[in-house]
Amino acid sequence: MAVQPMLPFGEEPMPVVAPPAEGPRLIAELARICRQYPLDEKVLVAPSLPVGHQILERLARERHPWVNLRVETVRTLAHGLVGADLAREGLRLLSRAQALALVEQACGEALEPASYFGALRDRPGFHRAVHGTFDELRAAGISPAALPSRAFADPRKRRELKAILARYDEALVEGRFVDTAEVLRRAVEAASSAKPDGGPAVYLVPEGLELAAVERRLLESVAGTRLAVLATDPPEDWTRNAPAAQIFRAIGEENELREAFRRILAGGIAFDEAEILHTDAATYPALAWELASEHGIPCTFSGGVGAPFTRPGQAALAFLNWVGQGFSADVLREALASGALTFQRMPGAGADAPGARAAARSFRDARIGWGARRHVTCLDRLAAELEKDDGRAQRDEASEEEIAVSRQRRARRLAAAQRARDFAARAVALSAEAARETCDLRALASGCRTFVTEFARASDELDGMALAAVQRLLEELEILSGSRLPPAEAAERLADAVRALAVGADRPRPGRLHVADYRAGGYSGRPHTFLLGLDEARHPGTDLEDPVLLDDERRSINRILA
């Protein structure tokens, strides 16, 4: 099967010829190119770095040499071209959480309550939709400022999209940020002027790789005439490659996963010979992690594990939920009792010091209820009551041993109440901004980050990664220009960001079952694959319009700008 050149790019296609082969066509053709150009520099442009490394690992397992072959994505190529320039200019790459925060701020400043999008300007879902639309437009090389007015039935819509983007761009300049679209644009300019011939490397792109217009231009500029497309198996051939496929039904997502685990264990299948693919990243990874933890099945997750399943993530959510629920003491008490919090980093911590669970009992005994001020007051009252010797331990009928035991118990409860009081006082101090009528989002993020740093428990490697990721997320939100919101709303915005965070993303590893989204799986070559979530609601699912830029408007834009 000949490797077809990707068009249009250059004068002459790269002469790569490959005879027909058995097995996955992508692996076979990549192996032939490695044999045909053994010493040339070769760059595999993959959908993601983990997918690219899986392909290379499969080449190695099937004993194909791949000397001088490296994996890149279009975005890593872009960062390689302009990363040093951005650093010299003091510019920082905007994260997704920061971008959403800036879109939210821009919507609040650019939209009036009575405007076209005014009723939605405070909705997090609207902010995500606007952010996604802007990403698609800029990836296609179209700025909202260039949108033709006659493509919209209501001219207010175009005017407000332009206003939101203008404020968003101003925030980028003020904060000295660049987003991914700007990085790609700069990379295209740098590649066009620096290496019009593509250099000595051979660039290899799997057939069907989805590229936006700007990404395609960058790849064409970087590779020049030394760019080839690797043919892959068409979908109609997949069933021929999997003659032993079986279909089973299960009621509910958890039962689907249990049946997959059951078949793997009953069949004596090695964990690193099986892969579980799913169609719903919001549901299956969390359930798979819970079941794997319950039954001691080692797993890797292509998309990582949700931060709420880690102790640092739970600590951050406990602090934010405590603030959002009017400083309800039950929220902190439950977090203390669950083991998500620790006092090991508090002054005076030691082997004999009361722990978090003892402090949880003090929270219960103090009968705090809710309200920031009541925490310290009620715990002080509890400590004062325990300091009193009411004489009950010295009754005539009590033995000296019983008196000593009673006093020891009272001393332990007093120490726990004092430690709980110190913890509550620190938590109240970190949330002081939320005690006001409106709350600065940056100040609340800073308080939450400090709370997690001082009190979150990290008892294993995953918790350690989650601690660093939560701290980094909140630090990113601290450096943005702040907006003032009601405390409950500010806490919920930060909690949404924490809940969306995933940690520990990994590619397939020896001795571990691999769980991945169906679009990121299937590259490892494992002989047993389970595909879950093939119900009609998820796959192919409903084809919904973009709520910001409708299909008719997109067609009009394409027709007018073509």
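Here the accessible area of segment 45-118 is 56 percent carbon and sulfur, with a 1.4 angstrom probe and all protein chains present. A simple charge model with +1 on the Cβ of Lys and Arg, -1 on the Cβ of Asp and Glu and nothing else charged puts the dipole of segment 413-549 at about 720 debye relative to its Cα centre. Averaging the Cα positions of each part gives two centres, and for segment 246-284 and segment 291-363 these lie 30 Å apart.
Under 17 Å Cα-Cα from residue 42, which aspartates and glutamates qualify once same-chain neighbours fewer than 8 residues away are excluded? Leaving aside aspartates and glutamates fewer than 8 places away in the same chain, those within reach of residue 42 are 29, 57, 72, 197, 207, 220. Considering the options 529, 550, 452, tell which one lies farthest towards the positive end of the dipole of the chain, charges being +1 on Lys and Arg and -1 on Asp and Glu at the Cβ, about the Cα centre. Looking along the dipole axis, the top candidate is 452. Heavy atoms of the protein chains alone define the surface here; on that basis the chain has 51 Å² accessible area per residue at 1.4 Å probe size.
Annotation for segment 133-194 versus segment 473-507: alpha-carbon center distance of 24 Å. Compared with the alpha-carbon gap, the fully stretched path from residue 295 to residue 128 is longer by 56.5 nm at 0.36 nm per residue. Across the accessible surface of segment 448-501, with the other protein chains kept in place and a 1.4 Å probe, carbon and sulfur atoms take up 52 percent. Computed from the C-beta positions of residue 338 and residue 559, the FRET efficiency with R₀ = 41 Å rounds to 0.10. By the gyration tensor of its Cα atoms, with a ≥ b ≥ c the square roots of the eigenvalues, what is the shape of segment 101-168: rounded for a/c under 1.5, prolate for a/b over b/c, or oblate? Note, shape of segment 101-168 comes out oblate. Remark: segment 408-470 carries a charge dipole of roughly 640 debye about the Cα centre, counting +1 on each Lys and Arg Cβ and -1 on each Asp and Glu Cβ. Taken about its Cα centre, the chain carries a charge dipole of about 840 debye when Lys and Arg each add +1 at the Cβ and Asp and Glu each add -1 at the Cβ. Using R0 = 51 Å, the C-beta based FRET efficiency linking residue 384 and residue 262 works out to 0.35.
Treating the angle as unsigned and between 0 and 90°, give the value, to the nearest 10°, between the Cα long axis of helix 372-387 and the longest Cα principal axis of the chain. Around 40 degrees separate the two axes. For residue 176 and residue 535 in one chain, what is 0.36 nm times their gap in residues minus the Cα-Cα distance, to one decimal in nm? Gain on extension, residue 176 to residue 535, equals 124.7 nm. With contacts taken as Cα pairs under 8 Å at a separation of at least 6 residues, the chain carries a relative contact order of 20 percent. Overall, the accessible surface of segment 120-197 at a probe of 1.4 angstrom is composed of carbon and sulfur to the extent of 52 percent. Here's the picture: charge each Lys and Arg Cβ at +1 and each Asp and Glu Cβ at -1 in the chain, and of 439, 406, 229 the one pushed furthest to the positive end of that dipole is 406. Along the axis of the charge dipole computed for the chain (Cβ charges of +1 for Lys and Arg, -1 for Asp and Glu, origin at the Cα centre), the listed residues 212, 491, 346 are led at the positive end by 346.
Principal-axis analysis of the Cα atoms of the chain puts helix 400-430 at an angle of about 50° to the longest axis.
The values are calculated or read from the model by the stated rules, or taken from the named source; none is laboratory data. Values in this document were obtained by computation on a predicted structure and should not be read as measured data. Don't worry about glycine lacking a Cβ; one is built from the backbone with ideal geometry, like all the others, and counts go over all protein chains shown. Keep in mind that these areas ignore ligands, DNA and RNA; they rest on the heavy atoms of the full protein, side chains included. Shrake-Rupley method; radii C 1.70, N 1.55, O 1.52, S 1.80 Å.
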